[in-house]
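The values are calculated or read from the model by the stated rules, or taken from the named source; none is laboratory data. Predicted model only: the values in this text are computed from it and were never measured. Here Cβ is always computed from backbone atoms with ideal geometry, including for glycine, and neighbour counts include all displayed protein chains. Calculation scope for accessible area: heavy atoms of the full protein, side chains included, ligands and nucleic acids excluded. Shrake-Rupley method; radii C 1.70, N 1.55, O 1.52, S 1.80 Å.
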Amino acid sequence: MSQLVLFAIDICAVALLVFGLYFPRHRRRDLVVAYLGVNVGVLAVASALSASDVGAGLGLGLALFGVLSIIRLRSTELDQHEVAYYFSALALGILGALSTTSVWLSGGLMALIVAVMFVGDHRRLLRHYRHQIMVLDSAVTDHVALVAQLEQLLNARVHNAIVQRLDMVNETTVVDVRYSVARRSAAAGTSKAVRAGALR
């Protein structure tokens, strides 16, 4: 009976993770299917292994290896937060399948995973910090001049600028920029986005 309760808690937790957190924030339908499939698949395999004579550790190791292979050999690019959702769905499935002495312990750990993802992926957490790849129409070899140019273009404070490609023939610079915008600029950008959404 306790195993069925864990199954129900896992289904509720992954539904909240996917439909309550991930999809409203990022809107990638293909990964919704992936997260649900990973969770239910690991739940089914781990449950079957825990009820058989095969070592559960071996089965879980194979499941982890399979998921890591999927992430590594993906055809489309995943951001780091999407990889974190993968591992959260995986962890929920494992917790739902393992037989523990306390259902409350497993349920509490599942709730902790969902809560951490809620806070860690919240749009207000470190919202002034941004990251993007920029292509400049000039070949800048001086790092100080590059940072100054980026701060002028972005109207922000540049914390890190890594040149990925410097083309002296075509006069272009590809740079990975991590920066923070002022609170007023961030608030103005948010209000513009809200007005644009209202006009739509």
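For a quick check of your reading of the filter: which GluC sites (Glu not before Pro) in region 77-177 sit in a DSSP loop and have no more than 16 other Cβ atoms within 10 Å? Intermediate values should be presented prior to the final figure.
Numbers: sites: GLU77, GLU82, GLU151, GLU171; in loops: GLU77, GLU171.
Loop-located and lightly packed - GLU77, GLU171.
When ligands, DNA and RNA are left out and all protein chains stay put, how many square angstrom of accessible area per residue does region 130-180 have with a 1.4 Å probe?
Working: 3270 Å² over 51 residues.
Accessible area per residue, region 130-180: 64 Å².
Across region 130-180, the relative contact order, built from alpha-carbon pairs under 8 Å that are at least six residues apart, equals 51 percent. Multiplying each eigenvalue of the alpha-carbon gyration tensor of region 130-180 by 5 and taking the square root yields semi-axes of 18, 10, 9 Å, largest first, rounded to whole angstroms.
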